[in-house]
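Working notes for the structure below.
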Amino acid sequence: MEFTTALFYVFAAVMVLASLRVITAKNPVHAALFLVLAFFNAAGIWLLLKAEFLAIVLVLVYVGAVMVLFLFVVMMLDINIDRMREGFWGHLPLASGIGALIVLEMAAVLWRGFLDFEQSPAAAAANIGGTKELGLLIYTKYIYGFEIAAVILLVAIIAAVALTLRKRKDTKAIDPALAVRVKRNDRLRIVKVEAVNQRAIDAANAEKAAAAAAAAAGSPAAPKEAQ
């Protein structure tokens, strides 16, 4: 077995295991990290196919930008994991059927593509990872799919922002529009307070205490008890 073939099997096995952990991990943060691992192994497979541009784009765009955004959103949502996993086994048969249907559809598409595939020496020598060839294919043959993917990503970003900006009872938030429209009279109020002469008050208290002490000293003594 060649070294590149062994690397392909290693990358493929790790990617399959990481993909399974994405859908079986209880913690959504762990699931997102396993998805990052799957992306890195997919990039390694692209490198083995000499598609360096696709591998770099997969790491920079998906791992470096999209998955970081997903991690921030997941950590900011404060998801109740126990409540989220309620009814998991009840929906498992339907989800398994849909997953099997998708796998069969993808297998049929790939099988049809392999049957119609004819490799020529010129195509084998072409640089499949070059930006020029990819640009021509994306913006000519696959333009509609590219635009649909862009719209889906835009909707996902808007949904993530909407979920993070929702009002929650256990957190405090401010309305930026009200903060901008605030006026001086809403924040500051001038109250007139009469001046107090503390020295005069202290002198009056001292005089009262002296008068009370003098009155207590000049009072007649209490009569003695009869023997």
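Please enumerate the residues belonging to segment 199-225 that are open to solvent by 100 Å² or more (accessible area, probe 1.4 Å) and either at pLDDT below 80 or among the hydroxyl-bearing types (Ser, Thr, Tyr) (or both).
Step one: list which residues in segment 199-225 are open to solvent by 100 Å² or more (accessible area, probe 1.4 Å), which gives 199, 207-208, 220, 223-225.
Within segment 199-225, PRO220, PRO223, LYS224, GLU225 meet the criteria.
As an exercise: evaluate VAL74 against (1) modelled with pLDDT under 80; (2) part of a helix (DSSP H, G or I); (3) loosely packed, with under 12 Cβ neighbours inside 10 Å and give the number of the one condition it does not meet.
So the condition that VAL74 fails would be (3).
Pairs only if they're at least six apart or on different chains, beta carbon under 8 angstrom, first in segment 18-32 and touching a residue at least 24 places away in the same chain (Cβ under 8 Å) and farther than 15 Å from VAL68 by Cβ, second part of a helix (DSSP H, G or I) and open to solvent by 50 Å² or more (accessible area, probe 1.4 Å); list them, first residue then second.
Every condition considered, the pairs that remain are LYS26/ILE81; ASN27/ILE81.
(1) modelled with pLDDT under 80; (2) surrounded by 10 or more Cβ atoms within 10 Å (Cβ to Cβ); (3) of a type in the set (A, V, I, L, M): which one isn't true of ALA122, the others all being true?
Just one mismatch for ALA122, condition (2).
Any residue in segment 181-199 that's without any contact (Cβ under 8 Å) to a residue 24 or more places away in the chain and of a type in the set (D, E, K, R): show its pairings with residues that are loosely packed, with under 10 Cβ neighbours inside 10 Å and assigned to a loop (DSSP other than H, G, I, E, B) at Cβ separation under 7 Å, as long as the two are six or more apart or on different chains.
Partner pairs satisfying both residue conditions: none exist.
Taking the condition in contact (Cβ under 8 Å) with a residue 24 or more places away in the chain and either in a helix (DSSP H, G or I) or open to solvent by 40 Å² or more (accessible area, probe 1.4 Å) (or both), does VAL57 pass? Even if it seems obvious, please write down each step before you answer.
Details: in contact (Cβ under 8 Å) with a residue 24 or more places away in the chain: no; either in a helix (DSSP H, G or I) or open to solvent by 40 Å² or more (accessible area, probe 1.4 Å) (or both): yes.
Considered against the rule, which asks whether it is in contact (Cβ under 8 Å) with a residue 24 or more places away in the chain and either in a helix (DSSP H, G or I) or open to solvent by 40 Å² or more (accessible area, probe 1.4 Å) (or both), VAL57 comes out as no.
Against the condition surrounded by fewer than 13 Cβ atoms within 10 Å (Cβ to Cβ) and in a helix (DSSP H, G or I), how does VAL36 come out, does it pass? Give the derivation first.
On the way: surrounded by fewer than 13 Cβ atoms within 10 Å (Cβ to Cβ): no; in a helix (DSSP H, G or I): yes.
No: the conditions fail for VAL36.
Conditions (1) open to solvent by 100 Å² or more (accessible area, probe 1.4 Å); (2) under 25 Å from the mean Cα position of the chain (by Cα); (3) modelled with pLDDT under 90; (4) of a type in the set (Gly, Ala, Ser), marked per residue:
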position: ALA107; (1), (2), (3), (4): no, no, yes, yes
position: PHE114; (1), (2), (3), (4): yes, no, yes, no
position: GLU118; (1), (2), (3), (4): yes, no, yes, no
position: ILE138; (1), (2), (3), (4): no, no, yes, no
position: VAL155; (1), (2), (3), (4): no, yes, no, no
position: ALA159; (1), (2), (3), (4): no, yes, yes, yes
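Of all residues in segment 39-54 being outside any helix (DSSP H, G or I) and open to solvent by 50 Å² or more (accessible area, probe 1.4 Å), which is modelled with the highest pLDDT? Can you show your working first?
Of segment 39-54, the ones outside any helix (DSSP H, G or I) are 49-51.
Pick out the ones that are also open to solvent by 50 Å² or more (accessible area, probe 1.4 Å) and you get 49-50.
Values: LEU49: 85, LYS50: 81.
Applying the filter and picking the extreme gives LEU49.
Mind checking whether some residue in segment 6-21 is open to solvent by 50 Å² or more (accessible area, probe 1.4 Å), of a type outside the set (Gly, Ala, Ser) and at pLDDT below 85?
no
For VAL29, all conditions in the list (1) under 16 Å from the mean Cα position of the chain (by Cα); (2) surrounded by 16 or more Cβ atoms within 10 Å (Cβ to Cβ) hold save one; what is the number of the exception?
Of the numbered conditions (1) under 16 Å from the mean Cα position of the chain (by Cα); (2) surrounded by 16 or more Cβ atoms within 10 Å (Cβ to Cβ), the odd one out for VAL29 is (2).
The values are calculated or read from the model by the stated rules, or taken from the named source; none is laboratory data. In this text, all values refer to a predicted model and were calculated from it rather than measured experimentally. Methodologically, a virtual Cβ is constructed for each residue, glycine included, from the backbone with ideal geometry; neighbour enumeration extends over all protein chains shown. The protein model used for the area step is the full one, side chains on, heavy atoms only, and it has no ligands, DNA or RNA in it. Shrake-Rupley method; radii C 1.70, N 1.55, O 1.52, S 1.80 Å.
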